[in-house]
Amino acid sequence: MILTVEVQEFYHLSQCSCLVGSCVTDFHVFAMFPEDIPARRRIATMGGRHLCYRLRNPSGTPISTLCYISRINQLVVGFSDGCLSLWNMKTLEREHHCRLGERRIPVYAVTFQEPENDPRNCCYLWAVQSTQESKGDALSLHLMQLTFRDRKRLACGQVMYEGLEGCKERFSLDLASQICPRRRQTSNIKLLSCQTMEDFYDCVDKEGNTNEVPSPYTSISIFCWQVTTYGQEKPSTYLGLFDINCWCDAEMPDSIR
């Protein structure tokens, strides 16, 4: 299944081809999401083709970032006007859409965090808004809490969350005004990297059977950003770490340091 990203215009992909491995596979493109997706997928697969759908904001705003998260089977889509959407890749339906903050700042990057053994089936998504320009003056982090109906272990051993029940912002952090020193002298601030590091327990017993659904006992999101100030020869680089398990153990405070 392929979703085409429409940045400026939607090109006529129904006649184009895509090199997949060593063979050429045609795209079968739909302008709208049809109701009989499973049947269309089977027909396309039998013909050696891939289904394609246009993916865009209702207002036609360009997409600024895309990230597929396998553990929740969601495609996270960020837009240049500060909106964020979650698309269920099983049903191909948009399950959530919201605007981050008050300013129309592009959603530049996202990263996923899963806490250890959360009984509420909650996981978290960081969304980063940034101008990323030569004179960019905006950089903020938003922590979104995702609540699901089920959390199960698949036959392959992977974890899958299903049935998105809610998505709400827990808090936001403005790195430009709250973190950076000498704010009035700042000429540029931009994100360098955004990623999550995890470590899991071995959930296999002595007989080789899986005995629980694995969750990371360590999950730390790492943010790195650069600040350039007037009169400074070289920019300053900052590193921020967020431990989701420590935050949950602290009863999820509404602010972070």
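The values are calculated or read from the model by the stated rules, or taken from the named source; none is laboratory data. The model shown is predicted, which means the values in this text are computed figures rather than measured ones. Ideal geometry is used to build each Cβ from the backbone, glycine not excepted, and the neighbour counts take in all protein chains shown. Quick note on the areas: whole protein, heavy atoms, side chains included, nothing else; ligands and nucleic acids left out. Shrake-Rupley method; radii C 1.70, N 1.55, O 1.52, S 1.80 Å.
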Pairs under 6 Å by beta carbon, first residue closer than 12 Å to residue 227 by Cβ in segment 175-200, partner part of a helix (DSSP H, G or I) and at pLDDT 70 or above, six or more apart or different chains? 183/177; 189/176
Mind counting the residues in segment 92-102 that are modelled with pLDDT under 90 and either open to solvent by less than 60 Å² (accessible area, probe 1.4 Å) or in contact with a Gly (Cβ under 7 Å, 6 or more places away or on another chain) (or both)? 2
What single numbered condition from (1) at pLDDT 90 or above; (2) of a type in the set (Ser, Thr, Tyr); (3) outside any strand (DSSP E or B) fails to hold for residue 134? (1)
Pair list, Cβ < 9 Å and 6+ apart or interchain, from segment 230-257 residues that are open to solvent by 60 Å² or more (accessible area, probe 1.4 Å) and at pLDDT below 85 to residues that are β-branched (Val, Ile, Thr) and in a strand (DSSP E or B): 230/186
Restricting segment 140-192 to residues that are part of a helix (DSSP H, G or I) and surrounded by 12 or more Cβ atoms within 10 Å (Cβ to Cβ), the residue that is modelled with the lowest pLDDT: 183
